[in-house]
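First the structure, in the form of structure tokens, and then the observations on it.
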Amino acid sequence: MKFNRLYKGILMGAMTMTMAASCSEDYLETSPTDVLEESKVIDGMKADPGKVQAYVTGAYMNFYCGGDYWVSHDDFGIPAIKASTDLWGEDIAYTLDQNWFCYDYQLDNRLGSYRRAGSTWNQLYSVIDYANTIITMLKPVEGEEPEAAAATMLGEAYSLRAYCYFWLINLWQHPYSVDPDALGVPMKLENEFYRPERVPVKEVYAQILEDIALGYKYLEGKKFHNGKVGLSEYAAAAIYANILMFTGDYEEAAGYAKKAIAGGSLNSETDMLSGFNSLDMPEVIWGYNVNVETTGYYASFFSHFDAYTFGYSGMGYNKMISSHLYDKIADNDVRKKWFGYKEEYNALENAFDYEKNYGLEKYVPNKFRDIYVTSNGSADPFTSAIIYFRTAEMYYLAAEAYYLDKDETNAKAMLNEVTATRIPGYNCTLSGEALYEEICIQKRIEMWMEGCRALDAKRRGETIDRTLSTNHAADLEHFNALKYTGHDYRLIYRIPTKELENNSAILKEHDNE
């Protein structure tokens, strides 16, 4: 039987320990009869699930930084995937349009021979490999229930696998609603199950839904652990809610969003302006605590998106809020303070000559500030926590889901509850399409640079119009990247060249390329 590389690692490790224990008496034996059987390894892991924890830790590490595939300064796991896709939209203006992420911004970073497609593909399947190994080792036989520790790890593995396939299918194909029969992505599951062909979208989603249902089942009742790095019932519910929005099950999506909301309380103004660099923020329900051993240093989110640090953004390659979205933020909205150059934040005395010379100072981002700067250098650079999910996102998701389920009363209730903590006295009384537009714009403001815009635009088939802003890069016209829809073929990655070379089951003909 063939094993994936992670499972091989387990067997090799177990074999090494066995050899070390017995070498003193067996080292002269030329025809050993002892064989380590697969079933014994699995039984041993089930008997002591703590031995599997290293693979859970490895899955989270790969999810955060890309693990073995961390090969360049714009390639740092799920934060880079979210950032690169956010730059497809209209809300981030990369006015200088140079250096890392410029090709994503130009909609010109999708070919199979390009690093972005390859690293994203490899990273997501790497996490799936970890999840498959965990499930193989801990999955109970039919009719039995795993003990508590194993159940938690199974919940984490199924939820991670669902979330990775969710990103894969939406980066390599149009949304489910466009064509459920369209060619999707290969599917690898536990116990050697592997479909190397491009599995149709609807079948990939069937597996995603099965996985997240199991993930939530095993995590239900499991609160925060490992400093919110470990998946909890709240984070699993947030993943579930996002998936259900794509399948059109809006009533269920709203229900799971509310389950996720139960995991946190809404931020105060102080929290909102703290730099988004800690999992201690009340709204956070899932993230990753970075330290000196796991930081990519310049290859990190805060290096690219904190204007006040000494990373790439601090060097002058700022990604700013677009003028159109900035103008949509009410003057008394606390989120307006996320933008606009502030001398008190500039402890490193970075130069902002470009922004000053071109009248762009008010669009400079303050939302994300590295803990090294906000703590006046008492922390290590680029060790700020990465936030994956906040309850605020779930409020806006629930509001949209209720609206699409023709329940405007609850849609307005969810919208008002969260937005009133941002805009004093906020009370939306709109209805119909105007209400829907308000929900969508408030979410865009709230989730700026947190990885939501691209998938929302794809799901809704929205028109992305960069011509409405004055501070987008002048060269976007050359790339025909000023006005397009969320269903534009350029928002779909091509299968990586190495995959085509090594997987003959994948058709090399791709629609709309």
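The values are calculated or read from the model by the stated rules, or taken from the named source; none is laboratory data. No experiment lies behind these values; they were computed from the predicted model shown. Here the Cβ positions follow ideal geometry from the backbone for every residue, glycine too, while neighbour counts run over all protein chains shown. Side chains included, ligands, DNA and RNA excluded: accessible areas come from the protein's heavy atoms. Shrake-Rupley method; radii C 1.70, N 1.55, O 1.52, S 1.80 Å.
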Counting only the heavy atoms of the protein chains, how much of Leu183 is accessible to a 1.4 Å probe, in Å² to the nearest 10? 60 Å²
Apply the Kirkwood formula to region 274-335: the hydrodynamic radius equals the inverse of the mean of 1/r over all pairs of different alpha-carbon atoms; give it in Å with one decimal. 13.9 Å
Backbone HN-Hα couplings from phi across region 167-177 [Karplus 6.51/-1.76/1.60, Hz, Gly and Pro as x]: 5, 4, 5, 8, 8, 10, 6, 5, x, 3, 5
Excluding Ser232 itself, what net charge comes from residues whose Cβ is under 12 Å from its Cβ, given Lys and Arg +1 and Asp and Glu -1? +1
Unit charges on C-beta of K, R, D, E only; dipole of region 98-220, Debye: 580 debye
Return the distance in nm (one decimal) between the two label points of a simple spin-label model at Asn99 and Lys51, each offset 7 Å from Cα along Cα→Cβ. 4.8 nm
Helix 201-219 versus the longest principal axis of the chain: what angle, 0 to 90°, nearest 10, using Cα atoms? 80 degrees
Rough spin-label spacing in nm, given labels placed 7 Å along Cα→Cβ, for Lys362 and Met315: 3.1 nm
Arranged from highest to lowest average of other beta-carbon atoms within 10 Å per residue, in what order do the peptides 378-385, 149-156 appear? 149-156, 378-385
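Given the peptides 310-318, 119-127, arrange them by the average over their residues of other C-beta atoms within 10 Å, most packed first.
Descending packing order for the listed peptides: 119-127, 310-318.
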Within 10 Å of each candidate Cβ there may be at most 13 other Cβ atoms; applying that plus a DSSP loop requirement, which GluC sites (Glu not before Pro) in region 349-405 survive? Glu349
Report, by chain and number, residues whose modeled amide H sits under 5 Å from the one on Arg198, excluding near sequence neighbours (fewer than 5 apart, same chain). Leu507
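Gain in length, Tyr489 to Ser278, computed as 0.36 nm per residue apart minus the alpha-carbon separation, to one decimal in nm? Don't jump to the answer; show the numbers that get you there.
On the way: separation 211, 0.36 × 211 = 75.96 nm, distance 3.65 nm.
Additional length available on full extension: 72.3 nm.
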Quick one: dipole size for region 81-139, taken about the Cα centre, charges +1 on Lys/Arg Cβ and -1 on Asp/Glu Cβ, in debye to the nearest 20. 380 debye
Accessible solvent surface per residue of region 266-386, calculated while the other protein chains remain in place, 1.4 angstrom probe, Å²: 39 Å²
At q = 0.11, 0.16, 0.17 Å⁻¹, what is the base-10 log of I(q)/I(0) for region 133-265 according to the Debye formula with one equal point scatterer per Cα and no solvent? Please give it to two decimals. -0.40, -0.83, -0.92
Within region 355-440, list the trypsin sites (Lys or Arg not before Pro) lying in a DSSP loop whose Cβ has at most 13 other Cβ atoms in a 10 Å radius. Lys406
Using alpha-carbon coordinates, inclination of helix 38-47 to the longest axis of the chain, degrees: 60 degrees
Taking the Cα centre of the chain as origin, work out the dipole magnitude from +1 charges on Lys and Arg Cβ and -1 charges on Asp and Glu Cβ, in debye rounded to 20. 420 debye
Length-normalised contact order of the chain in % [C-alpha pairs under 8 Å, at least 6 apart]: 18 percent
Going by average Cβ neighbours within 10 Å, how do the peptides 294-307, 265-278 rank, with the highest at the top? 294-307, 265-278
Environment charge at Asn318 (Cβ cut-off 10 Å; Lys +1, Arg +1, Asp -1, Glu -1): -1
Using only alpha carbon pairs under 8 Å that are at least six residues apart, calculate the relative contact order of region 288-366 and give it in whole percent. 31 percent
Quick check on the chain: helices-only [θ] at 222 nm, where DSSP H runs of length 4 and up contribute -39,500 (n - 2.57) each and the sum goes over total residues. Nearest 500, please. -14000 deg cm²/dmol
Region 200-279 - percent relative contact order, Cα under 8 Å, separation 6 or more: 23 percent
Around Thr421 (Cβ within 13 Å, Cβ-to-Cβ, excluding Thr421; K/R +1, D/E -1) the net charge comes to -3
Please report the carbon-and-sulfur percent of the accessible area for the chain; probe 1.4 Å, protein heavy atoms only, DNA, RNA and ligands left out. 50 percent
Between Ala93 and residues 5 or more places away or on another chain, the pairs with built amide H atoms under 5 Å apart involve Met320, Ile321, Ser322
Here are several values of Kirkwood radius over Cα pairs in Å: [x] 26.9; [y] 23.9; [z] 31.2. Which one was derived from the coordinates shown? [y]
Counting only protein heavy atoms and rolling a 1.4 Å probe, one gets per residue an accessible area for region 59-108 in Å² of 24 Å²
In the chain, if the dipole is taken from +1 on Lys/Arg beta carbons and -1 on Asp/Glu beta carbons about the Cα centre, which of Asn242, Leu468, Gly155 is farthest to the positive end? Leu468
